[in-house]
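Scroll down for the structure; my scribbles are underneath it.
The values are calculated or read from the model by the stated rules, or taken from the named source; none is laboratory data. Note that the coordinates shown come from a computational prediction; the quantities given were computed from them, not determined experimentally. Glycine also receives a Cβ, built like all others from the backbone with ideal geometry; neighbour counts cover every protein chain displayed. Surface accessibility is based on the protein's heavy atoms, side chains included, excluding ligands, DNA and RNA. Shrake-Rupley method; radii C 1.70, N 1.55, O 1.52, S 1.80 Å.
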Amino acid sequence: MNYLYHLIIYFEIYAIVAMSLNLLIGYGGLLQVAHAAYYGIGAYTAALLWTKLGWGFFPGLAVGAFAAGVLSLLVSLPAWRFKGDYFVMISIAVQTLIYATLYNWTDLTNGPFGISGIARPVMAGYSFVTTGSITVLYGVLATGLGMVMALLKWSPFGRALQAMRDDELAAYSIGIPVNWLKLQAFALASAMVGIAGGLYASYVSYIDPTSFSLDESILMLSMVVIGGTGNVRGPLTGAAVLILLPEALRFLQLPDAVAANVRLLAYGLLLILMMHLRPQGLAGTYRYQ
C-alpha cells in the first residue's frame, strides 16, 4: 500500500509541475526549458528555511514560491525581445545558470552533497509522517491549484494569454499589454512550480542538484506535450503516463545502469510516436478548448 501511496504522491507533485508549465505553453504559447530550475529554487529555498531557520511548513513553501516567482524575471524579461528558437536558447542558459549555482554555491546549498534531514509537513501541531497522510495533504493542495488553473483559463487573464498565443501582434494591437502579460505568466508558473519543489523536498527529505537538471526540465516538457496542451486534463494525463512508465519498466528487471538508458529511450520513442500519430496529445484536441 505504501508503494501505491508513493506513486500517488509523485503524481500529485508532477501534476502541479505540469499544470504550471501548461500555463506557459498551452495558454500563452511560451516555450521554455528552465522549469526544473525554478522547481529547484522552490525546493532549496523551502528546505533551507525549514532546516536552518526552523520555519513552519507553509511559510517556507510560500517563500520558496515567491523566490521562484521573482527569479522568473531571468526568463520573462528576455521574452520581451526574443522569440522562438532564440528564446528557447535563453531558457536553456537560465536552466544551466541556476543548476550551476545550486551545484557550486557550497556555503549555501552544500553543493553536490545536497541538503538532508528535511522535515515532513507539520500543520496545526499535526505531523504528516505517513505516506497516507501526505497523499491526502498533497492531494488537497494539487486539487486546489488545479481549480485555480481551471478558473484562470476562462478569466480575462487566461483569455488574454490565449489571444497572445494565437497572434501576439493582433493581441498587442487591441490593447493587450503583451510584455506585462508575459511577466505575469512566468511569475505565476514559476511560483507554482516552486510550490511543487517545496512539496518534493519535504516528501523525500533530501535534495541535491541532480534532481533539478536539464533532463528534469525535458521530462516536465514531455509531460505537457504527451498529455496535451491548452486544457486542464492534458497535463494530468501526461504526468500520470510518465510517472507510471518507469514503474512498468521495473518489471523487466533490467540492471540499474541499463534501466536509466532504457527509460530515456522510452521517453524519446513516446515523444516521436506522439508527434506522428497524435500531435495534439493524449488528452488534447486539434483545436484548443
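Below, the figures for the structure above:
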{"read-out": "Among 44-53, 29-38, the order from most to least packed when residues are scored by Cβ within 10 Å on average", "value": "29-38, 44-53"}
{"read-out": "Cα-based equivalent ellipsoid, region 2-213: semi-axes from gyration tensor eigenvalues, Å", "value": "31, 20, 13"}
{"read-out": "Residue-level accessible surface for Ile16, protein heavy atoms, 1.4 Å, Å²", "value": "0"}
{"read-out": "Among 189-195, 82-88, the order from most to least packed when residues are scored by Cβ within 10 Å on average", "value": "189-195, 82-88"}
{"read-out": "Separation of alpha-carbon centers, region 21-37 and region 116-174, rounded to whole Å", "value": "14"}
{"read-out": "Full-extension gain in nm, Leu169 to Arg120, via 0.36 nm per residue minus C-alpha separation", "value": "12.9 nm"}
{"read-out": "Fraction of accessible area attributable to carbon and sulfur, the chain (%, probe 1.4 Å)", "value": "69"}
{"read-out": "Accessible area in square angstrom per residue, the chain, 1.4 angstrom probe", "value": "47"}
{"read-out": "Fraction in percent of alpha-carbon pairs per bin - 5 Å, region 168-280", "value": "2, 9, 13, 19, 18, 16, 11, 6, 3, 2, 1, 0"}
